[in-house]
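*Asks:* Let me give you the structure first, and then I'll get to my questions.
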Amino acid sequence: MALVFPAWAGAYLSGMTPPPTSRPVALITGASRGIGAAIALRLAPKHDLILTARDATRLAEVATACEALGATVRCIAADVRDAAGLAEQLAGVPVDVLVNNAGLGILKPFLETTAEEWHRQVDVNVNALYHVTRAVLPGMVVRGRGHVCIIGSMAGRNTFAGGTCYAGTKHFVMGFAESLLLEVRDAGVAVSVITPGSVDTDFFPEGTNRTWMLDPQNVADAVGFTVEAPAHMLVHRLEVRPLSTKRPRAGHGDSATAS
């Protein structure tokens, strides 16, 4: 079956001719800390990077560490909810790998969740996913290659009290990713979802026992494996979870229980 490009692809064919590069370019959202920073460091030896986050100071620190690993790095200090601003920053930029990592979780019972908290989670976890992907996907389709990798969550197939909004957005991620894959795979663009269990980041409140959780580097390694797979091979869903809540990871003692 012949592949028919959508109308917007023509504009990219006529108006965008990216220069050749020996290193693929990876765009990572939410890259200033936690999982996003770990992904940046994992990809830096083989990729040039575009890093986005709101915290310009911490973003610059991550960029410096990535440059020491061989990457050329561009930082965009911006909120992923700023659709117009991001579209302007990314216009005409050839991106080979997009890692949609930015996310927000406010875990509260539905009747205690305010409208502002609800919309803020939807804006970051759902709407920003559209805006960033929409900004770079046309170029991938035109070039006939690319990879969209989304950091989802086990909450995308599980439910729990207090997760009406957060789990709902992560279920959306799963449906979005598989539908998008079916639309662009024949254009040479891969779409993947990494679904980690609990990860030792500031997502959890201070005082939470995190000794048994995954390290952000574990998730970053899953991303590296996924986006560096052979071109003919697709890792569409990759679930990564701690082995046991009763077994701390290496370097965290030999007796710990989950909070």
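The values are calculated or read from the model by the stated rules, or taken from the named source; none is laboratory data. Source: prediction; values computed, not measured. A quick note on method: Cβ atoms are made from the backbone with ideal geometry, for glycine too, and the neighbour counts reach across all protein chains shown.
*Asks:* Are any of the residues in the range 160-182 in a strand (DSSP E or B) and either farther than 21 Å from Ile28 by Cα or touching a strand residue (DSSP E or B) at 6+ places or on another chain (Cβ under 7 Å) (or both)? Full working, then the answer.
*Replies:* Restricting attention to the range 160-182, the residues satisfying the condition of being in a strand (DSSP E or B) are none.
No, the conditions are met nowhere in the range 160-182.
*Asks:* Right, something else. I'd like the residue in the range 204-219 that is over 22 Å from the mean Cα position of the chain (by Cα) and polar (S, T, N, Q) and, out of all such residues, is nearest to Ala38 (Cα to Cα).
*Replies:* Thr211
*Asks:* Which residues, counting only those in the range 68-88, are within 18 Å of Val25 (Cβ to Cβ) and assigned to a strand (DSSP E or B)?
*Replies:* Those that are within 18 Å of Val25 (Cβ to Cβ) and assigned to a strand (DSSP E or B): Val73, Arg74, Cys75, Ile76.
*Asks:* Right, next: Just one of Ala60, Ala2, Ala7, Ala115 is exposed (fewer than 14 other Cβ atoms within 10 Å of the Cβ), modelled with pLDDT of 95 or more, on the phi < 0 side of the Ramachandran plot and out of contact with any helix residue (DSSP H, G or I) (no Cβ under 9 Å at 6 or more places or on another chain); which is it?
*Replies:* Numbers: Ala60 fails: exposed (fewer than 14 other Cβ atoms within 10 Å of the Cβ); Ala2 fails: modelled with pLDDT of 95 or more; Ala7 fails: modelled with pLDDT of 95 or more.
Residue meeting the stated conditions: Ala115.
*Asks:* For the range 33-45, give me each residue that is over 19 Å from Gly152 (Cβ atoms) and either surrounded by 24 or more Cβ atoms within 10 Å (Cβ to Cβ) or in contact with a strand residue (DSSP E or B) (Cβ under 9 Å, 6 or more places away or on another chain) (or both). Show your work before the answer.
*Replies:* Narrowing the range 33-45 to residues over 19 Å from Gly152 (Cβ atoms): 41, 44-45.
Hit for the range 33-45 is Ala44, nothing else.
*Asks:* Filter the range 118-159 down to residues that are over 18 Å from Ile50 (Cα atoms) and hydrophobic (A, V, I, L, M, F, W, C) and give me whichever is modelled with the lowest pLDDT.
*Replies:* Residue satisfying both the conditions and the ranking: Ala155.
*Asks:* Would you call Ala128 assigned to a helix (DSSP H, G or I) and more than 27 Å from Gly197 (Cβ to Cβ)?
*Replies:* Numbers: assigned to a helix (DSSP H, G or I): yes; more than 27 Å from Gly197 (Cβ to Cβ): no.
No, not satisfied.
*Asks:* Another one. Going by the conditions given, is Ile50 assigned to a helix (DSSP H, G or I), modelled with pLDDT of 90 or more, β-branched (Val, Ile, Thr) and closer than 24 Å to Ala220 by Cα? Walk me through how you get there before you give the answer.
*Replies:* Details: assigned to a helix (DSSP H, G or I): no; modelled with pLDDT of 90 or more: yes; β-branched (Val, Ile, Thr): yes; closer than 24 Å to Ala220 by Cα: yes.
No.
*Asks:* Which of the residues belonging to the range 183-210 are in a loop (DSSP other than H, G, I, E, B) and not charged (D, E, K, R)?
*Replies:* Residues of the range 183-210 that are in a loop (DSSP other than H, G, I, E, B), as a first pass: 188, 197-198, 200-210.
Scanning the range 183-210 gives Gly188, Gly197, Ser198, Thr201, Phe203, Phe204, Pro205, Gly207, Thr208, Asn209.
*Asks:* Filter the range 211-228 for residues that are farther than 17 Å from Met154 by Cα, free of Cβ contacts under 8 Å to residues at least 60 places away in the same chain and assigned to a loop (DSSP other than H, G, I, E, B) and give the result.
*Replies:* Scanning the range 211-228 gives a single hit, Thr211.
*Asks:* Just checking, does the range 194-203 include any residue being within 30 Å of Val142 (Cβ to Cβ) and either buried (at least 17 other Cβ atoms within 10 Å of the Cβ) or small (Gly, Ala, Ser) (or both)? Explain how you work it out, then say what you get.
*Replies:* First, the residues of the range 194-203 that are within 30 Å of Val142 (Cβ to Cβ): 194-195.
Add one more test, that the residue is either buried (at least 17 other Cβ atoms within 10 Å of the Cβ) or small (Gly, Ala, Ser) (or both), and what stays is 194-195.
Checked against the condition, which is being within 30 Å of Val142 (Cβ to Cβ) and either buried (at least 17 other Cβ atoms within 10 Å of the Cβ) or small (Gly, Ala, Ser) (or both), the range 194-203 yields at least one hit.
*Asks:* Where the second residue is surrounded by 14 or more Cβ atoms within 10 Å (Cβ to Cβ) and hydrophobic (A, V, I, L, M, F, W, C) and the first is on the phi > 0 side of the Ramachandran plot and lies in the range 75-92, which pairs have Cβ atoms under 8 Å and are six or more apart or on separate chains?
*Replies:* What qualifies is Gly92/Met16.
*Asks:* With the structure loaded, tell me whether Asp186 is among the acidic types (Asp, Glu), surrounded by fewer than 20 Cβ atoms within 10 Å (Cβ to Cβ) and modelled with pLDDT under 95 or whether it fails that test.
*Replies:* Details: among the acidic types (Asp, Glu): yes; surrounded by fewer than 20 Cβ atoms within 10 Å (Cβ to Cβ): yes; modelled with pLDDT under 95: no.
No: the conditions fail for Asp186.
*Asks:* Give me a count of the residues in the range 46-57 that are of a type outside the set (Val, Ile, Thr) and crowded, with 24+ Cβ neighbours inside 10 Å. Break it down into steps so the answer makes sense when it comes.
*Replies:* Within the range 46-57, the first condition is being of a type outside the set (Val, Ile, Thr), and the residues that meet it are 46-49, 51, 53-56.
If we keep only those that are crowded, with 24+ Cβ neighbours inside 10 Å too, we end up with 47, 49, 51, 53.
The number of residues fulfilling the criteria is 4.
*Asks:* For the range 97-122, name all the residues that are within 14 Å of the chain's Cα centre (by Cα) and not β-branched (Val, Ile, Thr).
*Replies:* Quick first cut of the range 97-122, residues within 14 Å of the chain's Cα centre (by Cα) only: 97-104.
Answer for the range 97-122, where residues must be within 14 Å of the chain's Cα centre (by Cα) and not β-branched (Val, Ile, Thr): Leu98, Asn100, Asn101, Ala102, Gly103, Leu104.
*Asks:* Failed condition for Trp118, given (1) without any contact (Cβ under 8 Å) to a residue 40 or more places away in the chain; (2) not in a loop (DSSP other than H, G, I, E, B); (3) not aliphatic (A, V, I, L, M), with all others met?
*Replies:* (1)
*Asks:* Tell me, which residue of the range 125-160 that is surrounded by 18 or more Cβ atoms within 10 Å (Cβ to Cβ) and among the small types (Gly, Ala, Ser) is nearest to the chain's Cα centre (by Cα)?
*Replies:* Of everything passing the filter in the range 125-160, Gly152 is nearest to the chain's Cα centre (by Cα).
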